[in-house]
Amino acid sequence: MSGSGDKQVLLAKPRGYCAGVDRAVEAVEQALEQHGAPVYVRKEIVHNKHVVETLSDRGAIFVEEADQVPEGAMVVFSAHGVSPAVREQAKARELRTIDATCPLVTKVHQEAKRFAREDYDILLVGHNGHEEVEGTSGEAPEHIQIVESAADVDGVTVRDPEKVVWLSQTTLSVDETMQTVRALREKFPALQNPPSDDICYATQNRQVAVKAMAPRCDLVLVVGSRNSSNSVRLVEVALTAGAGASYLIDYAKEIDDAWLEGVGTIGVTSGASVPEVLVRGVVDHLAERGWGSVEEIDTAEETLTFSLPRELRPNRAAAR
């Protein structure tokens, strides 16, 4: 930690929007542009207060369930994915659907379906009640058990310890997940791994950047919303990696001056659903208070992009 009294900001890179969030937000914007308001969205399109408020102002209507959408209207499924039951509900109401599920979440759904077809017991590491976990477990509810942490492992039972696989939510702490998996493997030595990493590239990259920066920081500010799993994880990762303190904020105005007392080096990062304008607001806020020196801590180059949901791509409507 600095302790030298030199005021500086370390800015983590990569930070902010990932490819799946970018695609989901653009999907709602394009739906509004192509079809006009209102466009209904089941759940928050991404877990960010600012994004949801901005899209609401433009004519998006956020609902909890598909049965709150008027029959025949258009509904966007959020980046976190949905269960087959939700798709059925939308079909029964003759809703026009746009699926903005992140392709990396869809990958986990496909894995769940495949292992259920092969009659495996599937241990899904994730947070109970999180939309993504509800969507994935809904693919094969009779095969899937949710395991939140290593503390849950004692209570896990399977039909055949030789036929068991673990999958995970895409936005977890990598280190914590591996702790849980180690505990599961001690109990079930034949436990199979997912065919490829379930925790997504963006979650991992943002955690790596914070780990690189945190030991030098008296304070780490994570821009993100409370219901954003990957943002909450960044606070935990910062503290574990040696930051003096760490807080989660939606906006610069939430920074408490008391947090800044006696602080030299401040790390700043943002969750995968956070627009860069909010990070700029935090950097400007700190600059006004004497933290004008900014150094970017760059640990990875991100180039991945996803094409829009097929329902929104050009010429689709004309081709029908």
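The values are calculated or read from the model by the stated rules, or taken from the named source; none is laboratory data. Everything numeric here is computed off the predicted structure, so don't read it as measured data. Ideal geometry is used to build each Cβ from the backbone, glycine not excepted, and the neighbour counts take in all protein chains shown. Just the protein is used for accessible areas: all its heavy atoms, side chains included, with ligands, DNA and RNA removed. Shrake-Rupley method; radii C 1.70, N 1.55, O 1.52, S 1.80 Å.
Using amide H atoms built in the peptide plane, which far-off residues or other-chain residues are under 5 Å from Val220 H to H?
Residues meeting the criterion, in which the H sits 1.01 Å from N, are Ala245, Ser246, Tyr247, Gly267.
State to the nearest 20 debye the size of the charge dipole of segment 104-187 about its Cα centre, where the only charges are +1 on K and R beta carbons and -1 on D and E beta carbons. Provide the component values of the computation, followed by the final result.
Numbers: 9 positive and 17 negative charges, 57 e Å.
Dipole magnitude for segment 104-187 comes out near 280 debye.
Taking the dipole about the Cα centre of the chain, with the C-beta of Lys and Arg at +1 and of Asp and Glu at -1, give me whichever of Val263, Ala100, Tyr17 is farthest to the positive side.
After comparing all options, I get Ala100.
Taking amide H atoms as placed 1.01 Å from N in the peptide plane, list the residues 5 or more away in sequence, or in a different chain, whose amide H sits under 5 Å from that of Gln192.
When sequence neighbours closer than 5 places are left aside, the close amide H contacts are Val164, Val165, Trp166.
What is the list of residues in segment 12-32 whose amide nitrogen lies under 19 Å from a point 7 angstrom out from the Cα of Ala212, following Cα to Cβ?
12-19
Going by the alpha-carbon gyration tensor, a ≥ b ≥ c the square roots of its eigenvalues, is segment 181-290 rounded (a/c under 1.5) or, if a/c is not under 1.5, prolate (a/b greater than b/c) versus oblate?
Numbers: a/c = 2.93, a/b = 2.04, b/c = 1.44.
Taking the square roots of the gyration eigenvalues as a ≥ b ≥ c, segment 181-290 is prolate.
Pop a pseudo-label 7 angstrom from the Cα along the beta-carbon direction at both Val156 and Gln192 and give the gap in nm to one decimal.
Reported label-point gap for Val156 and Gln192 is 1.5 nm.
Between Thr303 and Trp259, with labels modelled 7 Å along Cα→Cβ, what's the label distance in nm to one decimal, could you check?
Computed distance between label sites Thr303 and Trp259 equals 3.5 nm.
Place a +1 charge on the Cβ of each Lys and Arg in segment 19-102 and a -1 charge on the Cβ of each Asp and Glu, then give the dipole magnitude about the Cα centre in debye, rounded to the nearest 20. Walk me through the intermediate numbers first.
Details: 9 positive and 14 negative charges, 28 e Å.
So the magnitude is around 140 debye.
Just the number, please: carbon plus sulfur as a percent of the accessible area of segment 19-102, 1.4 Å probe, no ligands or DNA/RNA counted.
On the way: 1560 of 3520 Å².
With neighbouring chains kept in place, the figure for segment 19-102 is 44 percent.
Kindly state, to the nearest 0.05, the FRET efficiency for Arg313 paired with Gln145, given R0 = 35 Å and r defined as their beta-carbon distance.
FRET efficiency, Arg313 to Gln145: 0.40.
Hey, got the dipole for the chain? About the Cα centre, +1 on K and R Cβ, -1 on D and E Cβ, debye to the nearest 20?
The dipole magnitude comes to about 700 debye.
Measuring from a point 7 Å past the Cα of Asp67 along Cα-to-C-beta, which residues in segment 33-56 have an amide N at less than 18 Å?
The answer is 41-43, whose backbone nitrogens lie closer than 18 Å to the label point.
Taking 26 Å as the cut-off for C-alpha to C-alpha distance, list the pairs among Lys7/Lys253; Lys107/Lys253; Lys43/Lys113 that go past it. Intermediate values should be presented prior to the final figure.
On the way: Lys7/Lys253 20 Å; Lys107/Lys253 38 Å; Lys43/Lys113 23 Å.
Listed pairs above 26 Å: Lys107/Lys253.
Ignoring ligands, DNA and RNA, please state the percent of accessible area on segment 104-187 from carbon and sulfur, probe 1.4 Å.
47
Please list, ordered by chain and number, the residues whose modelled amide H lies under 5 Å from the amide H of Phe62; skip anything fewer than 5 residues away on the same chain.
Val41
Could you give each residue of segment 236-253 its phi-based ³J(HN,Hα) in whole Hz, using Karplus coefficients 6.51, -1.76, 1.60 with θ = phi - 60°, and x for Gly or Pro?
Karplus values, whole Hz, x for Gly and Pro: 4, 5, 4, 5, 5, 7, x, 5, x, 7, 8, 9, 9, 9, 7, 9, 4, 5.
Give or take rounding to whole Å, what are the principal axis extents of the alpha carbon atoms in segment 104-187, in descending order?
28, 26, 18
Got a sec? Charge dipole of segment 19-102, +1 on Cβ for Lys and Arg, -1 for Asp and Glu; which of Gln89, Thr54, Gln34 is way out at the positive end?
Gln89
Residues of the chain: accessible area per residue at 1.4 Å, in Å²? Working shown, then result.
Working: 14140 Å² over 320 residues.
With all protein chains present, the chain gives 44 Å² per residue.
Give the calculated FRET efficiency between Ala92 and Ala37 to the nearest 0.05, with a Förster radius of 30 Å applied to their Cβ-Cβ distance. All intermediate terms of the calculation are to be shown ahead of the outcome.
Values: r = 24 Å, r/R0 = 0.81.
Plugging the Cβ-Cβ distance into 1/(1 + (r/R0)^6) gives 0.80.
What ranking do 120-127, 306-313 get when scored by the average of other Cβ atoms within 10 Å per residue, highest first? Spell out each step's value before the answer.
Details: 120-127: 23.2, 306-313: 15.6.
Per-residue Cβ counts within 10 Å, averaged per peptide and sorted highest first, yield 120-127, 306-313.
Can you list the HN-Hα couplings for segment 290-303, worked out from phi with the Karplus curve (6.51, -1.76, 1.60; θ = phi - 60°), rounded to whole Hz and with x for Gly and Pro?
Calculated HN-Hα couplings, in order: x, 9, x, 7, 10, 10, 8, 9, 9, 10, 6, 9, 10, 10 Hz.
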